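Comments concern the structure below.
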Amino acid sequence: MSKQYEHYDTDRIRAISISEVARRLGDHVRKVGVSHVTYCPWHDDEHPSLSLVESKGKNYCHCFACDKGGDVIAYAMQHEQWTFQEACQWLSQTFGICTVQSYYPRPKPRPVVKPKEPTYTYIPMEMVDGLASAESSLCQCLMRMFHPEAVEWLTEEYRLGCYSLYGQDDYTVFPNIDAQGRVCNLKVQHYDADPTSDRFAHSDGKTYWLGKIWANEGRLPKDAQFKHRCLFGEHLLTRYPQCTVALVESPKNALFGALAYPEMVWVATGNKTAIGPDELKPLQGRDVIVIPDRDAISDWKAKVSSMAWLANFTVSDFCEEAAADDQPKFDIADYLQQQLWPKPD
Ligand SMILES: [Zn+2]
(Lines give C-alpha, C1' and ligand atoms only; values in the text may rest on other atoms or scores of the structure.)
Protein backbone atom coordinates (compact mmCIF):
# COMPACT_ATOMS: atom_id res chain seq x y z
CA MET A 1 0.00 0.00 0.00
CA SER A 2 1.51 3.31 -0.99
CA LYS A 3 1.07 6.51 0.96
CA GLN A 4 0.72 9.89 -0.71
CA TYR A 5 2.13 11.85 2.19
CA GLU A 6 4.22 11.49 5.27
CA HIS A 7 2.41 11.80 8.56
CA TYR A 8 4.37 12.38 11.73
CA ASP A 9 3.50 10.88 15.08
CA THR A 10 3.43 14.28 16.77
CA ASP A 11 2.22 12.95 20.12
CA ARG A 12 5.32 10.83 20.46
CA ILE A 13 7.59 13.55 19.04
CA ARG A 14 6.27 15.99 21.65
CA ALA A 15 7.03 13.44 24.37
CA ILE A 16 10.77 13.33 23.54
CA SER A 17 12.75 14.76 26.43
CA ILE A 18 13.36 18.41 25.52
CA SER A 19 16.74 18.50 27.28
CA GLU A 20 17.82 15.53 25.18
CA VAL A 21 16.73 17.39 22.04
CA ALA A 22 18.81 20.40 23.10
CA ARG A 23 21.85 18.17 23.60
CA ARG A 24 21.44 16.52 20.20
CA LEU A 25 21.18 19.97 18.62
CA GLY A 26 24.61 20.65 20.10
CA ASP A 27 23.69 22.96 22.94
CA HIS A 28 25.25 22.86 26.35
CA VAL A 29 22.59 21.91 28.89
CA ARG A 30 23.00 22.60 32.59
CA LYS A 31 20.86 21.11 35.36
CA VAL A 32 19.34 23.61 37.79
CA GLY A 33 17.10 22.10 40.45
CA VAL A 34 14.48 19.96 38.73
CA SER A 35 14.86 21.84 35.41
CA HIS A 36 17.62 22.38 32.90
CA VAL A 37 18.80 25.59 31.30
CA THR A 38 20.34 26.29 27.94
CA TYR A 39 20.72 29.13 25.44
CA CYS A 40 17.51 30.61 24.04
CA PRO A 41 17.16 30.32 20.25
CA TRP A 42 14.52 33.09 20.14
CA HIS A 43 16.85 35.89 21.15
CA ASP A 44 20.55 36.66 21.15
CA ASP A 45 21.22 34.91 24.42
CA GLU A 46 24.55 35.52 26.15
CA HIS A 47 23.68 33.73 29.37
CA PRO A 48 21.56 30.60 29.29
CA SER A 49 18.01 31.91 29.88
CA LEU A 50 15.94 29.12 28.42
CA SER A 51 14.42 26.87 31.05
CA LEU A 52 13.68 23.28 29.98
CA VAL A 53 10.84 22.00 32.12
CA GLU A 54 10.38 18.26 32.34
CA SER A 55 9.05 17.55 35.79
CA LYS A 56 5.60 16.11 36.55
CA GLY A 57 4.79 15.04 33.00
CA LYS A 58 5.62 18.43 31.52
CA ASN A 59 7.92 18.84 28.56
CA TYR A 60 8.42 22.35 27.24
CA CYS A 61 10.81 25.28 27.25
CA HIS A 62 10.34 28.86 28.31
CA CYS A 63 12.70 31.83 28.12
CA PHE A 64 12.67 34.20 31.07
CA ALA A 65 14.43 36.90 29.10
CA CYS A 66 12.19 37.13 26.02
CA ASP A 67 9.13 35.18 27.28
CA LYS A 68 9.12 32.88 24.28
CA GLY A 69 9.15 29.13 24.27
CA GLY A 70 7.12 26.12 23.29
CA ASP A 71 7.22 22.39 22.90
CA VAL A 72 9.87 20.13 21.42
CA ILE A 73 8.87 20.87 17.82
CA ALA A 74 8.69 24.64 18.30
CA TYR A 75 12.10 24.58 19.94
CA ALA A 76 13.73 22.57 17.15
CA MET A 77 12.10 24.76 14.48
CA GLN A 78 13.42 27.93 16.07
CA HIS A 79 16.83 26.46 16.80
CA GLU A 80 17.52 25.37 13.23
CA GLN A 81 15.12 27.69 11.37
CA TRP A 82 13.30 24.61 10.18
CA THR A 83 9.75 24.29 8.91
CA PHE A 84 7.33 22.17 10.91
CA GLN A 85 7.88 19.30 8.45
CA GLU A 86 11.67 19.55 8.64
CA ALA A 87 11.65 19.59 12.43
CA CYS A 88 9.35 16.57 12.62
CA GLN A 89 11.47 14.70 10.11
CA TRP A 90 14.71 15.29 12.01
CA LEU A 91 13.14 14.49 15.38
CA SER A 92 11.52 11.31 14.05
CA GLN A 93 14.76 10.09 12.47
CA THR A 94 17.03 11.06 15.35
CA PHE A 95 14.83 9.52 18.04
CA GLY A 96 13.55 6.54 16.06
CA ILE A 97 9.90 7.51 15.83
CA CYS A 98 8.05 5.90 12.96
CA THR A 99 6.01 7.85 10.45
CA VAL A 100 2.71 6.48 9.21
CA GLN A 101 4.35 4.86 6.17
CA SER A 102 6.26 2.44 8.34
CA TYR A 103 3.56 1.89 10.93
CA TYR A 104 2.58 -1.59 9.74
CA PRO A 105 3.82 -3.82 11.18
CA ARG A 106 4.43 -1.36 13.95
CA PRO A 107 7.39 -2.01 16.23
CA LYS A 108 6.68 -2.23 19.92
CA PRO A 109 5.63 1.29 20.83
CA ARG A 110 7.60 3.07 23.46
CA PRO A 111 5.30 3.95 26.31
CA VAL A 112 4.30 7.59 26.18
CA VAL A 113 3.66 8.98 29.61
CA LYS A 114 0.54 11.10 29.44
CA PRO A 115 -1.16 12.75 32.37
CA LYS A 116 -4.38 10.93 33.08
CA GLU A 117 -7.50 12.81 32.00
CA PRO A 118 -10.21 13.06 34.58
CA THR A 119 -13.50 11.43 33.71
CA TYR A 120 -15.65 14.26 32.47
CA THR A 121 -19.38 14.45 32.50
CA TYR A 122 -20.83 15.57 29.18
CA ILE A 123 -24.24 17.13 29.10
CA PRO A 124 -26.90 15.33 27.06
CA MET A 125 -27.73 17.20 23.85
CA GLU A 126 -31.46 16.92 24.67
CA MET A 127 -30.88 19.24 27.62
CA VAL A 128 -29.30 21.78 25.25
CA ASP A 129 -32.08 21.40 22.71
CA GLY A 130 -34.62 21.96 25.46
CA LEU A 131 -33.35 25.54 25.81
CA ALA A 132 -32.98 26.26 22.08
CA SER A 133 -34.44 29.64 21.33
CA ALA A 134 -33.71 33.02 19.77
CA GLU A 135 -35.73 34.81 22.47
CA SER A 136 -32.71 35.90 24.53
CA SER A 137 -32.15 39.65 24.75
CA LEU A 138 -28.91 39.25 22.79
CA CYS A 139 -30.54 37.42 19.86
CA GLN A 140 -33.43 39.87 19.87
CA CYS A 141 -30.96 42.75 19.50
CA LEU A 142 -29.05 40.93 16.78
CA MET A 143 -32.35 40.74 14.89
CA ARG A 144 -32.49 44.53 14.82
CA MET A 145 -29.20 44.65 12.93
CA PHE A 146 -29.19 41.48 10.86
CA HIS A 147 -31.86 39.58 8.99
CA PRO A 148 -34.01 37.58 11.44
CA GLU A 149 -33.52 34.45 9.34
CA ALA A 150 -29.74 34.86 9.64
CA VAL A 151 -30.10 35.05 13.43
CA GLU A 152 -32.26 31.89 13.38
CA TRP A 153 -29.48 30.20 11.37
CA LEU A 154 -26.92 31.38 13.91
CA THR A 155 -29.03 30.06 16.79
CA GLU A 156 -29.04 26.62 15.20
CA GLU A 157 -25.35 26.63 14.27
CA TYR A 158 -24.19 27.48 17.78
CA ARG A 159 -27.24 25.86 19.45
CA LEU A 160 -27.92 29.03 21.39
CA GLY A 161 -30.58 29.05 24.03
CA CYS A 162 -32.52 31.19 26.40
CA TYR A 163 -32.71 30.74 30.18
CA SER A 164 -34.56 32.19 33.13
CA LEU A 165 -32.68 33.32 36.22
CA TYR A 166 -33.67 35.64 39.06
CA GLY A 167 -37.01 36.45 37.50
CA GLN A 168 -35.53 37.44 34.15
CA ASP A 169 -36.34 35.15 31.29
CA ASP A 170 -33.98 36.38 28.56
CA TYR A 171 -30.50 35.23 29.58
CA THR A 172 -28.41 33.90 26.67
CA VAL A 173 -27.13 30.30 26.78
CA PHE A 174 -23.82 29.65 24.98
CA PRO A 175 -23.13 25.90 24.73
CA ASN A 176 -19.49 24.79 24.62
CA ILE A 177 -19.53 21.84 22.25
CA ASP A 178 -16.18 20.25 21.50
CA ALA A 179 -14.77 18.99 18.18
CA GLN A 180 -16.21 15.53 18.94
CA GLY A 181 -19.69 17.00 19.31
CA ARG A 182 -19.81 16.56 23.10
CA VAL A 183 -21.42 19.25 25.20
CA CYS A 184 -18.82 20.28 27.78
CA ASN A 185 -20.80 22.99 29.55
CA LEU A 186 -23.21 25.84 28.95
CA LYS A 187 -22.35 29.42 29.78
CA VAL A 188 -25.18 31.74 30.74
CA GLN A 189 -24.95 35.53 30.60
CA HIS A 190 -27.37 38.38 30.61
CA TYR A 191 -27.19 41.23 28.11
CA ASP A 192 -28.83 44.54 28.69
CA ALA A 193 -31.02 45.17 25.70
CA ASP A 194 -32.05 48.76 26.19
CA PRO A 195 -32.70 49.87 22.62
CA THR A 196 -32.20 53.54 23.46
CA SER A 197 -28.57 53.06 24.45
CA ASP A 198 -25.95 53.35 21.74
CA ARG A 199 -24.20 50.18 22.89
CA PHE A 200 -26.96 47.76 23.68
CA ALA A 201 -25.18 44.54 24.38
CA HIS A 202 -23.79 45.24 27.82
CA SER A 203 -23.28 42.15 29.86
CA ASP A 204 -23.67 42.66 33.61
CA GLY A 205 -20.37 40.77 33.77
CA LYS A 206 -21.80 37.82 35.68
CA THR A 207 -21.32 34.37 34.24
CA TYR A 208 -23.20 31.26 35.27
CA TRP A 209 -22.50 27.68 34.24
CA LEU A 210 -25.49 25.43 33.75
CA GLY A 211 -23.46 22.26 34.35
CA LYS A 212 -22.97 23.26 37.97
CA ILE A 213 -26.53 24.54 38.37
CA TRP A 214 -27.94 21.29 37.00
CA ALA A 215 -25.60 19.19 39.17
CA ASN A 216 -26.84 21.09 42.23
CA GLU A 217 -30.42 20.51 41.16
CA GLY A 218 -29.78 16.79 40.76
CA ARG A 219 -30.33 16.82 36.99
CA LEU A 220 -26.67 15.79 36.50
CA PRO A 221 -24.44 13.74 38.84
CA LYS A 222 -23.56 15.69 41.99
CA ASP A 223 -19.83 14.97 41.55
CA ALA A 224 -19.78 15.83 37.83
CA GLN A 225 -16.52 17.28 36.49
CA PHE A 226 -16.82 19.37 33.36
CA LYS A 227 -14.17 19.76 30.68
CA HIS A 228 -13.25 23.46 30.62
CA ARG A 229 -10.86 23.33 27.69
CA CYS A 230 -13.30 23.92 24.90
CA LEU A 231 -13.63 26.79 22.46
CA PHE A 232 -17.06 28.24 21.86
CA GLY A 233 -17.98 27.09 18.33
CA GLU A 234 -15.38 24.29 18.34
CA HIS A 235 -17.88 21.79 16.91
CA LEU A 236 -18.17 23.95 13.77
CA LEU A 237 -14.47 23.42 12.97
CA THR A 238 -15.25 19.78 12.22
CA ARG A 239 -18.28 20.73 10.14
CA TYR A 240 -16.35 23.23 7.98
CA PRO A 241 -12.86 21.75 7.65
CA GLN A 242 -11.77 24.02 4.76
CA CYS A 243 -12.88 27.40 6.09
CA THR A 244 -10.59 30.04 7.48
CA VAL A 245 -11.08 30.35 11.22
CA ALA A 246 -11.66 33.65 13.01
CA LEU A 247 -10.65 33.50 16.67
CA VAL A 248 -12.04 36.07 19.11
CA GLU A 249 -12.30 36.40 22.86
CA SER A 250 -15.97 36.54 23.74
CA PRO A 251 -18.78 34.36 22.39
CA LYS A 252 -20.71 37.56 21.71
CA ASN A 253 -17.97 38.68 19.32
CA ALA A 254 -18.09 35.31 17.57
CA LEU A 255 -21.83 35.70 16.98
CA PHE A 256 -21.51 39.21 15.57
CA GLY A 257 -18.63 38.07 13.38
CA ALA A 258 -20.47 35.01 12.10
CA LEU A 259 -23.43 37.14 11.03
CA ALA A 260 -21.30 39.78 9.30
CA TYR A 261 -18.69 37.46 7.77
CA PRO A 262 -20.28 34.01 7.50
CA GLU A 263 -17.62 32.74 5.10
CA MET A 264 -15.34 32.16 8.09
CA VAL A 265 -15.85 29.85 11.06
CA TRP A 266 -15.99 31.99 14.21
CA VAL A 267 -14.79 30.56 17.50
CA ALA A 268 -14.17 32.20 20.88
CA THR A 269 -11.73 31.43 23.66
CA GLY A 270 -14.24 32.67 26.23
CA ASN A 271 -11.30 33.58 28.40
CA LYS A 272 -8.54 36.17 28.45
CA THR A 273 -5.96 34.18 30.31
CA ALA A 274 -4.58 30.67 30.29
CA ILE A 275 -5.04 30.11 26.58
CA GLY A 276 -2.32 27.87 25.23
CA PRO A 277 -1.67 24.98 22.88
CA ASP A 278 -4.01 22.64 24.78
CA GLU A 279 -7.01 24.91 24.31
CA LEU A 280 -6.08 25.77 20.72
CA LYS A 281 -5.29 22.23 19.61
CA PRO A 282 -8.56 21.93 17.64
CA LEU A 283 -7.16 24.66 15.33
CA GLN A 284 -4.27 22.44 14.28
CA GLY A 285 -3.23 22.96 10.67
CA ARG A 286 -5.85 25.66 10.01
CA ASP A 287 -5.57 29.21 8.68
CA VAL A 288 -6.52 31.29 11.71
CA ILE A 289 -7.14 35.04 11.90
CA VAL A 290 -7.00 36.17 15.51
CA ILE A 291 -9.06 39.32 16.10
CA PRO A 292 -8.27 40.36 19.67
CA ASP A 293 -10.04 43.11 21.58
CA ARG A 294 -8.01 46.30 21.32
CA ASP A 295 -6.38 45.85 24.75
CA ALA A 296 -5.15 42.33 23.95
CA ILE A 297 -3.51 42.70 20.54
CA SER A 298 0.09 42.71 21.74
CA ASP A 299 -0.54 39.78 24.09
CA TRP A 300 -1.85 37.73 21.22
CA LYS A 301 1.05 38.64 18.95
CA ALA A 302 3.46 37.31 21.56
CA LYS A 303 1.34 34.23 22.19
CA VAL A 304 1.03 33.06 18.59
CA SER A 305 4.70 33.62 17.81
CA SER A 306 5.47 30.59 19.98
CA MET A 307 2.66 28.53 18.46
CA ALA A 308 3.52 28.75 14.75
CA TRP A 309 3.87 24.97 14.77
CA LEU A 310 0.19 24.60 15.60
CA ALA A 311 -1.58 26.63 12.93
CA ASN A 312 -1.10 29.42 10.42
CA PHE A 313 -1.95 32.32 12.74
CA THR A 314 -2.37 35.96 11.69
CA VAL A 315 -3.14 38.54 14.37
CA SER A 316 -5.36 41.36 13.14
CA ASP A 317 -4.90 45.00 14.19
CA PHE A 318 -8.46 45.71 13.18
CA CYS A 319 -9.68 46.75 16.64
CA GLU A 320 -6.75 49.18 16.99
CA GLU A 321 -7.43 50.81 13.64
CA ALA A 322 -11.19 51.07 13.95
CA ALA A 323 -11.30 52.36 17.54
CA ALA A 324 -11.52 55.93 18.73
CA ASP A 325 -8.96 57.10 21.31
CA ASP A 326 -11.40 56.78 24.19
CA GLN A 327 -12.29 53.15 23.42
CA PRO A 328 -9.47 51.12 24.97
CA LYS A 329 -11.44 47.88 25.01
CA PHE A 330 -12.91 48.21 21.51
CA ASP A 331 -13.93 44.91 19.96
CA ILE A 332 -15.46 43.68 16.72
CA ALA A 333 -18.97 43.68 18.16
CA ASP A 334 -18.53 47.38 19.01
CA TYR A 335 -17.49 48.01 15.43
CA LEU A 336 -20.47 46.21 13.92
CA GLN A 337 -22.86 47.99 16.27
CA GLN A 338 -21.47 51.34 15.16
CA GLN A 339 -22.14 50.35 11.58
CA LEU A 340 -25.48 48.63 11.93
CA TRP A 341 -27.37 49.76 15.02
CA PRO A 342 -30.49 51.62 13.82
CA LYS A 343 -29.97 55.36 14.24
CA PRO A 344 -32.85 57.38 15.69
CA ASP A 345 -34.72 59.29 12.96
ZN1 LIG B 1 14.82 34.18 24.83
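The values are calculated or read from the model by the stated rules, or taken from the named source; none is laboratory data. Note that the structure is predicted; figures quoted are calculated from it, not measured. In this analysis, Cβ positions are derived from the backbone assuming ideal geometry, glycine residues included, and neighbour counts consider all displayed protein chains. When the accessible area is computed, the model is the full protein with side chains, heavy atoms only, and any ligands, DNA or RNA have been set aside. Shrake-Rupley method; radii C 1.70, N 1.55, O 1.52, S 1.80 Å.
Odds and ends about this structure:
- Note on exposure: C98, C319 ranked by accessible area (1.4 Å probe, complete protein assembly) read C98, C319, with the most exposed listed first.
- Extension reserve of the Y166-E149 stretch, reckoned as 0.36 nm per residue once the Cα distance is removed: 3.1 nm
- Amide proton proximity set for V173, modelled H, under 5 Å, gap of 5+: G161, C162, Y163
- Of K68/K227; K252/K281; K281/K301; K222/K281; K187/K222, those spanning more than 20 Å from alpha-carbon to alpha-carbon: K68/K227; K252/K281; K222/K281
- With the helix formula -39500 (n - 2.57) applied to DSSP H stretches of n ≥ 4, the chain reaches a computed 222 nm mean residue ellipticity of -8000 deg cm²/dmol.
- For K227, the amide hydrogen comes within under 5 Å of the amide hydrogens of T121, counting only partners 5 or more places away or on other chains and with H modelled in the peptide plane.
- Restricting the stretch 248-334 to trypsin sites (Lys or Arg not before Pro) that sit in a DSSP loop and have at most 11 other Cβ atoms within 10 Å of their own Cβ leaves K329.
- Trypsin sites (Lys or Arg not before Pro) within the stretch 39-101: DSSP coil, no more than 15 neighbouring Cβ in 10 Å: K58
- The stretch 31-82: relative contact order as a whole-number percent, Cα under 8 Å and 6+ apart: 27
- Computed over the Cα atoms of the chain, the ratio of the radius of gyration to the Kirkwood radius (Rg/Rh) comes to 1.02.
- Interchain or long-range residues, amide H under 5 Å from V290's placed H: L247, T314, V315, S316
- Among the GluC sites (Glu not before Pro) in the stretch 262-343, those placed in a DSSP loop whose Cβ has at most 15 other Cβ atoms within 10 Å are E263.
- Highest mobility in the GNM of the chain, judged by mean-square fluctuation with C-alpha springs under 10 Å and restricted to T172, T314, T94, is found for T94.
- The relative contact order of the chain comes to 11 percent, based on Cα pairs under 8 Å that sit 6 or more residues apart.
- With θ taken as phi - 60° and the Karplus curve 6.51 cos²θ - 1.76 cosθ + 1.60 applied, the whole-hertz 3J(HN,Hα) list for the stretch 204-217 is 6, x, 8, 10, 10, 10, 5, x, 5, 4, 5, 5, 5, 7 Hz, x standing for glycine and proline.
- Highest-fluctuation residue, A311, A258, A324 considered, GNM on the chain with Cα pairs under 10 Å: A324
- Projecting the Cα positions of L220, Q242, P262 onto the charge dipole of the stretch 132-287 (unit charges on Cβ atoms of Lys, Arg, Asp and Glu, taken about the Cα centre) puts L220 furthest along the positive direction.
- Compared with the dominant principal axis of the Cα atoms in the chain, helix 148-158 is inclined by about 40°.
- Centre separation in Å (Cα based) which lies between the stretch 203-262 and the stretch 144-162: 15
- Seen from all directions on average, the stretch 230-286 presents a Cα convex hull projection of 3.5 nm².
- Share of carbon and sulfur in the accessible heavy-atom surface of the chain [1.4 Å probe, %]: 50
- In this calculation the C-beta distance from Q327 to E46 is compared with R0 = 41 Å, giving a FRET efficiency of 0.50.
- Length-normalised contact order of the stretch 216-345 in % [C-alpha pairs under 8 Å, at least 6 apart]: 23
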